[in-house]
1. How would you rank Leu125, Leu275, Leu134, going from fewest to most other Cβ atoms within 10 Å of each one's own Cβ?
2. Do the sum for the chain: with -39,500 (n - 2.57) for every DSSP H run of n ≥ 4, divided by all residues, what is the mean residue ellipticity at 222 nm, to the nearest 500 deg cm²/dmol?
3. Going through the cross-link list Lys113/Lys143; Lys113/Lys195; Lys69/Lys90; Lys70/Lys90; Lys238/Lys297; Lys99/Lys143, which pairs have a Cα-Cα distance over 19 Å in this structure?
4. Fewest to most neighbouring Cβ within 10 Å: what's the order for Asp293, Asp23?
5. How much length is gained if the chain between Glu242 and Lys92 is pulled fully straight, taking 0.36 nm per residue apart and subtracting their Cα-Cα distance, in nm to one decimal?
6. If each of Asn283 and Glu127 carries a label point 7 Å out from its Cα toward its Cβ, how far apart are those two points in nm?
7. For Tyr253 and Asn105, calculate 0.36 nm times their separation in residues minus their Cα-Cα distance, and state this gained length in nm to one decimal.
8. If you average the sequence gap of Cα pairs under 8 Å that are 6 or more apart and divide by the length of the chain, what percent do you get for the contact order?
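What follows draws every value from the coordinates through simple rules; no lab data is involved. Note that the structure is predicted; figures quoted are calculated from it, not measured. With ideal geometry, Cβ positions are generated from the backbone for all residues, glycine too; neighbour counts draw on all protein chains shown.
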Amino acid sequence: MFQCMVVLHSKGGFFLEILKVVDLKKHYGDVKAVDGISFTVERGTVFSFLGPNGAGKTTTVEILEGLRKKDSGEIYYFGERKDVLDRETKRKIGVCLQKSAFFENLTVWETLKLFRGLYGTGLDLKEVMGLFSLENIEKKMVKTLSGGQLQRLAVAVAFINDPEIVFLDEPTTGLDPQARRQIWDTIEHFKNLGKTIFLTTHYMEEAERLSDHVCIIDHGKIIAEGTPSSLISSSGLKTVVEFDCDQDVNVRYLEKKENHYVVETDAPEELIKDLLKNWNVSNIVIRKPNLEDVFLKLTGRDLRE
């Protein structure tokens, strides 16, 4: 029987574990897209679910959102097993899909009002407009929005019903750096209010900054999970050296993209001396390992591959 910590609340009890997945499986013929994974998402945290393309990430998220059927396994929301998401559970969930579609002839304000009305309750419209910097475009029709504006609207819609847990699938794709950081600040704002964020992203900096817990999936299996700092400290990575070279450098690297190398070493000074002596290298950078380095070491692939 599934056990979970309970925290007493003045209006009743609620579960610290807002989502729990046990031995989840989904196969397509001989392909094991999701191969017996288990994890727990705690209330009031940002949980990042990372993996290269084809790792099983999207299939898992679609199952959790009720968009795809699982083959086997158990899913618990708010301490109750949910083989199929009922209406009450869906009201507590917000979703921002990787690609969202809205009625093109509605304005931004009308779109938010529509989605809030579908739930019968939710956040104040003006508050949401402000949080997602939509005030200046509230009268614009959806069909006239830029890609970045449309993305901000999609993320705002995910929060409009005041959900307990929000699934954000690539929420900052297409945004400029400033707008991306505004979304980060807003995510942290909702986390501080006790909301739970289930995040998938191709931006490792985003995951490292926002996440309380990171879960990495590859070939349908969980290969690592923990806080960003614990994953980095337990990776065994020492020092990372980055450099550019238009020659094939005889060195073991974490990543190579065109002429750019990323190398892990416990002797950076010796490595750099060797590079300068034998190859025409430039733009040398020495730094501490980060979450992206851990990901590369574990999967051998870039997050976007």
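1. Values: Leu125 16, Leu275 19, Leu134 22.
In increasing order of surrounding Cβ atoms, one gets Leu125, Leu275, Leu134.
2. Working: 10 runs with 93 residues, N = 305.
Calculated mean residue ellipticity at 222 nm is -8500 deg cm²/dmol.
3. Values: Lys113/Lys143 17 Å; Lys113/Lys195 21 Å; Lys69/Lys90 15 Å; Lys70/Lys90 17 Å; Lys238/Lys297 12 Å; Lys99/Lys143 15 Å.
Pairs exceeding 19 Å: Lys113/Lys195.
4. On the way: Asp293 20, Asp23 11.
In order of increasing Cβ crowding within 10 Å: Asp23, Asp293.
5. Values: separation 150, 0.36 × 150 = 54.00 nm, distance 4.46 nm.
49.5 nm is the gain from fully extending Glu242 to Lys92.
6. Output for this residue pair reads 4.5 nm.
7. On the way: separation 148, 0.36 × 148 = 53.28 nm, distance 5.10 nm.
Additional length available on full extension: 48.2 nm.
8. Values: 559 pairs, mean separation 59.8, N = 305.
Here the relative contact order equals 20 percent.
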